[in-house]
Every structure is written in structure tokens, then in C-alpha cells.
Amino acid sequence: MRGTSFLLFVAFLVVSLAGVSGAATPWLALEGSASTYAMDDVNNDLAAQNALIGPGQPNFKMIENGVQFGAGGGFDFTRGVSVGIAVERLMAKSKLSDRFGSITYDMPADLVRLFAEYRPGAARKAGLLLGASVGRLMQNGSVSLAFPGFDSSIKVEGDGIAGEAYGGGRLNVSPRFALLGTLGYRLANAKHVTAERQDVHNADGSDYTIDFSGVFVRLGLRISNPE
């Protein structure tokens, strides 16, 4: 419910901005990116299990990076200003398996973000852009065990506020199509983590978090409808 309310709120902001501008060009976008992740608490869990397993055996790989993909829409205004909403799926996974079975930490999240961008010299075919976003992170994953005759999964959920700052470039390949490439940093930490609706804490009693913060590289294709 909280995620839905936030999405409605940011959609209202974008529609309102479009209404006050007489020269807004709508667009749709497809995006893909890759980024580093912090994931301190999750990786501490994986490292502890690796220590129990011991050397010379299959081990969990630390979750230090992942890929993302998404789509969005928005408006280009005059003077090089753009605003939009995007929804991204952030992938995060580590799996240990051998001939006896497997254990999988699958920790993806959905990120809904409202962003604004500025492009100096927007009339040029190619140029720089600066951007920032704020959004909501909704983590929804699982820890699964699969062995002969046994299969079980524990649902893991969390949420939090996210923010980004980035810079890059835009290439207008035609009046309808534009390519974007950006490099930036994301703060996105899922808190209030639960496993099967039970609060999760670290061994020291602190709140468990699933941290997607890190450096990202994003590529996008925007399709506009100029008048």
C-alpha cells in the first residue's frame, strides 16, 4: 500500500508539471544498467555460512553487484529540462549448490523513482546532461533450500527511500529517438526487513538491512512524440 501511494504521488507531480508548461514533449523509455551493491548484512550472512562450510568446498559468492532493467515515461520541457517516472528491477542473487542440493539467496527489489534532468544546449544533437532522482525501494525476495525430497522457501521483504545523482550524455539520433548514457551513485537501503512477516535483526540486535547503494552505469532509449 505504501509503494502504491508513493507511485500515485509522484505521478501527480509529473502530470502537474506537464500542465503548467505549454511546450512539453512526451516520451517513453527503455533502460538497462549495472551497478555495485553494498549488501553488508547479507554478505555477512553469506561469509558466516562459508566459514561453517570450510575451505575446499563450494561457497557462496558475495553479492557485490548486479544488473537492472526497467521502463519509464515523462516529458521534455523547453530550456533542456526533463522530468519522468521510471520503474526498475534490481537483481541480486547468490547460490550454493552441489550434488546434495542447493541454497539460494534471491534478493531482488523494485525501484520506483521520480527524476529530473537538465541538458545545457538542449537544441544540439548531442550534449551533456545532469540528473537526480528520489524514489521508493521495495525489496521482495527469498531464501530457498532445495534437496532431494525437500523444497522450502522463506519470503524476505523490506522497503526504504532511494536517491540518485548522475551525469552523462544524450544523443538525439532522430526527432523521435534519443540514446542516453549516464554514470552516477545510488543510495537505496531496504529497511524494516521481515522473513515470513517476522522482523529480522543482526546478531548484535541491530536492524537487518538489504543495501543496494552503489555506483551505476545506465543506458537508455527514449521514444518521443514531437508535435
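Computed quantities for the displayed model
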| quantity | calculated |
| --- | --- |
| Residue in segment 120-142 that is under 23 Å from Tyr208 (Cα atoms), at pLDDT 95 or above, surrounded by fewer than 17 Cβ atoms within 10 Å (Cβ to Cβ) and in contact with a helix residue (DSSP H, G or I) (Cβ under 9 Å, 6 or more places away or on another chain) present | yes |
| Subset of segment 85-120 [aromatic (Phe, Trp, Tyr) and farther than 19 Å from Val67 by Cα] | Phe100, Phe115, Tyr118 |
| Single match in Gly169, Gly181, Gly160 (criterion: in a strand (DSSP E or B), within 17 Å of Val42 (Cβ to Cβ) and not β-branched (Val, Ile, Thr)) | Gly160 |
| Answer from Gln49, Gln57 - the residue that is polar (S, T, N, Q), in a helix (DSSP H, G or I) and out of contact with any Pro (no Cβ under 9 Å at 6 or more places or on another chain) | Gln49 |
| Residues satisfying the stated conditions in segment 151-195, i.e. in contact (Cβ under 8 Å) with a residue 40 or more places away in the chain and closer than 21 Å to Ser102 by Cα | Ile154, Lys155, Val156, Ala195 |
| Residue in segment 81-100 that is in a loop (DSSP other than H, G, I, E, B), surrounded by fewer than 20 Cβ atoms within 10 Å (Cβ to Cβ) and modelled with pLDDT under 95 present | yes |
| Options Ala165, Ala190; residue that is under 17 Å from the mean Cα position of the chain (by Cα), loosely packed, with under 14 Cβ neighbours inside 10 Å and of a type in the set (A, V, I, L, M, F, W, C) | Ala165 |
| Residue in segment 120-130 that is within 30 Å of His192 (Cα to Cα) and of a type outside the set (A, V, I, L, M, F, W, C) present | no |
| Lone unmet requirement of (1) closer than 30 Å to Gly181 by Cβ; (2) in contact (Cβ under 8 Å) with a residue 12 or more places away in the chain for Ala123 | (2) |
| Test: residue in segment 69-86 that is charged (D, E, K, R) and within 23 Å of Gly214 (Cα to Cα) | no |
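The values are calculated or read from the model by the stated rules, or taken from the named source; none is laboratory data. It should be emphasised that the depicted structure is a prediction, and the values quoted were computed from it without experimental measurement. Methodologically, a virtual Cβ is constructed for each residue, glycine included, from the backbone with ideal geometry; neighbour enumeration extends over all protein chains shown.
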